[in-house]
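Here is the structure we will look at, set down as structure tokens.
Derivation of every value follows stated rules applied to the coordinates shown; laboratory data play no part. Given the structure is predicted, the values throughout are model-derived calculations rather than measurements. With ideal geometry, Cβ positions are generated from the backbone for all residues, glycine too; neighbour counts draw on all protein chains shown.
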2 protein chains.
Amino acid sequence: MLEARLQQASILKKLLDAIKELVTDANFECDEEGLKLQAMDNSHVALVAVELQADGFTEYRCDRPMPLGVNLASLTKVMKCARDDDQVQLKANDNADSLHLLFENEATDRTGEYDMKLMDIDQEHLGIPDTSYDATIALPAGEFANICRNLSTLGESVKIEAGKDGVRFSADGESANGSILLKSSGRATVSKPDAGSSKKKENGVKKEKKGGNDDDDEVKEEDEDDEIQEVKADNDDDEDDDEDDEEEEEEDGKKRKKKQKSGPAKKQRKQDRDESDDKVYITLNQHVSLTFSLKYLVNFAKSSSLSPRVTLSMSGDVPLLVEYKFEQGSVRYYLAPKIGDE
Amino acid sequence: MLEARLQQASILKKLLDAIKELVTDANFECDEEGLKLQAMDNSHVALVAVELQADGFTEYRCDRPMPLGVNLASLTKVMKCARDDDQVQLKANDNADSLHLLFENEATDRTGEYDMKLMDIDQEHLGIPDTSYDATIALPAGEFANICRNLSTLGESVKIEAGKDGVRFSADGESANGSILLKSSGRATVSKPDAGSSKKKENGVKKEKKGGNDDDDEVKEEDEDDEIQEVKADNDDDEDDDEDDEEEEEEDGKKRKKKQKSGPAKKQRKQDRDESDDKVYITLNQHVSLTFSLKYLVNFAKSSSLSPRVTLSMSGDVPLLVEYKFEQGSVRYYLAPKIGDE
DNA sequence: CGAAGTCCTG
DNA sequence: CAGGACTTCG
């Protein structure tokens, strides 16, 4: 049996908005750790991985692991019936064929109850390989969304080049070419090109050491790399005003929460440049240049409503990881690079 | 070679929004005075004339006159990649086949670079005849836009009648007729019907005196007519709160600039009625009544984002001039009246 | 056809 | 101020 209470319906609503276009049906895998959803997108090109941690719920109880096969369109419909600040209780009996949703609002005396049909979904749970990335770019989610949308008006794909000074997104189109450069904001970790290989090895070792829980920490891992920490210390002039850097997202989730409460999605994007950390941090072991389909990136960027910051992680010929972390969990997207020039 | 830097991308964005529906391709004629664009609309009914004065740019350099053949849709796409407060640098080498645009923002460390293909456009530069208008109506741009939009739901054309007391816009439709009267705000120049002819002569003389630079000042000229100035003095009760009158647009560009910075297009239109000069001024030598296609006027009215005020200038059987002036230049539209009743 | 932004209304 | 509807764009 699953019984979980979420403080704010908006989280779930935003989550669904973010992924419903990519995935139509998926299993929410419930266990004592929380809810996880993992699915290939409809055209089997991108992978979506959602996590809602048990401790992100105000109440959480899951006696034994169970999959909830959900049609995301249906769930979206139901969630649209909730107000953003409603509390949501999710309830499913073992082997139940339906999910029960209860929407409550302390302020008003209104409650809503919904039962949504569940479905059996055969879904191989894909193992996501642990990857140590050569480049990790943390930037404002709105900025990333903006760049993807802009460039998608010019062309189909974007080349993302992460260098020590910044990251460049460029697209070629019939009528115009465009290139956007984000300069890294001082904290960038710079490895000399020739130092890259040894650095990479270090990461490899580290990974073995860390073992099985890497799945959670691919990005974090790089940030916590000792040598990188050293470099950070050298550049800690901006340490104080970093509120949304990816480490703090883990250490200090409450700050994040406040921020999300105060700003609805649309505003958040606009305010990103003013109120949130609008800096760009690049953690680089090696210069990386890869090309991706903008159509997917634009889609991923819908998750901007969930978090003011996004992290892009790249390594040569490995899928790009686009990650949005928020208080209750995270959404991660994986997208394989385009090969050759197209 | 052209090299020009504009303080705010928004000017260019708004300009394109204003005219891109009317004109698909056009030459930006660059010379040391600035950029000029002149084109018939796609159906060769209306004429659009844009001027961006060299001194409206923070930097401007144009060694020798050159036309930049631009597809406005392409340029619009590129400009959409700029933020409103980005600085824009335009750069084109002599005989270059592309225009280079650089978007920079002091606040952020983001820059965008775009190369847009140019095209060869055979374009006869049309001489716009100097006209002294019988009636000139200055009114809030939003008001004009609203009237045109409203009436266009009723019928195809609007009859604009300028009289001493005000201006009447009326449209006949199948289901309903409509007529909107804007009363002139006291400052109107009233010539008695029989005095009209002598007044007209005065204008004629004046025009000869002013000579070749009339092209810029058709409207202003009428406003600065001595007799009109007198009338103004008689009615100067509103002189103090006129912030957006067309003369001040020339004399006090900085005020205007501030206003444009603080208010994005949408707000501006809403605030027009509240914060800006919402008065209607009519300069009249002779009663004029002409009929125009609403479709075009609605299109012209898109320029409202560029200026809170618009000026309509009419004379019998001569094209209507709809003019929006702003700090960096102006957009003018010419539209021939409909003949007969339809 | 779906999504995003804008406008308008309660 | 927020929610819903419309319009326009992709």
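Proximity of backbone amide H atoms, modeled 1.01 Å from N, is registered between A:GLY166 and A:SER184 at under 5 Å, excluding neighbours fewer than 5 places apart on the same chain.
A crude spin-label estimate for the pair B:ARG61 and B:LYS80, with each label 7 Å from Cα along the Cβ direction, gives 3.3 nm. Here is how far apart the A:ASN93 label points are across copies: 7.7 nm, shortest first, using a point 7 Å from Cα toward Cβ. Label-to-label distance for A:ASP120 and A:ILE339 is 3.7 nm, based on points extended 7 Å past Cα in the beta-carbon direction. Backbone phi angles across the stretch A:53-65, fed through the Karplus curve with coefficients 6.51, -1.76 and 1.60 (θ = phi - 60°), yield HN-Hα couplings of 6, 3, 7, x, 8, 6, 9, 8, 8, 9, 5, 8, x Hz in residue order; Gly and Pro are listed as x. Take A:ALA107, move 7 Å from Cα toward the beta carbon, and the resulting point lies 2.8 nm from the same point in each other copy, nearest first. Among A:ARG168, B:ARG332, A:ARG309, sorting on how many other beta-carbon atoms sit within 10 Å of each Cβ, with the fewest leading, yields A:ARG168, B:ARG332, A:ARG309. When the inverse distances between all different Cα atoms of the stretch B:111-166 are averaged and flipped, the Kirkwood radius reads 16.5 angstrom.
Taking the number of other C-beta atoms within 10 Å as the exposure measure, put B:VAL48, A:VAL158 in order starting with the fewest.
Exposure proxy ranking, most exposed first: B:VAL48, A:VAL158.
Peptide B:72-81 is shielded by partner chain Cβ atoms: per residue, an average of 4 of them sit within 10 Å of its Cβ.
Each Lys or Arg adds one and each Asp or Glu takes one away; over the other residues whose Cβ falls under 12 Å from the Cβ of A:ARG83, this sums to -2. Working from label points 7 Å from Cα in the Cα-to-Cβ sense, the B:ASP130 to B:THR153 distance is 4.4 nm. On the basis of the beta-carbon distance and an R0 of 51 Å, B:LEU102 and A:ASN95 show a calculated FRET efficiency of 0.25.
The simple Förster model, with R0 at 56 Å and r as the Cβ-Cβ distance, assigns A:GLU32 and A:SER289 a FRET efficiency of 0.85.
Label-point spacing at A:GLU174 relative to the other copies reads 3.7 nm, in ascending order, each point sitting 7 Å out from Cα along Cα→Cβ.
Order B:281-292, A:81-92, A:110-121, A:288-299 from most to least packed using the mean count of other Cβ atoms within 10 Å.
B:281-292, A:288-299, A:81-92, A:110-121
Within the shell defined by Cβ-Cβ distances under 9 Å, the residues around A:SER175 carry a net charge of +1, with Lys and Arg each +1 and Asp and Glu each -1.
Of the GluC sites (Glu not before Pro) in the stretch A:34-106, the ones in a loop by DSSP (not H, G, I, E or B) with at most 14 other beta carbons within 10 Å are A:GLU106.
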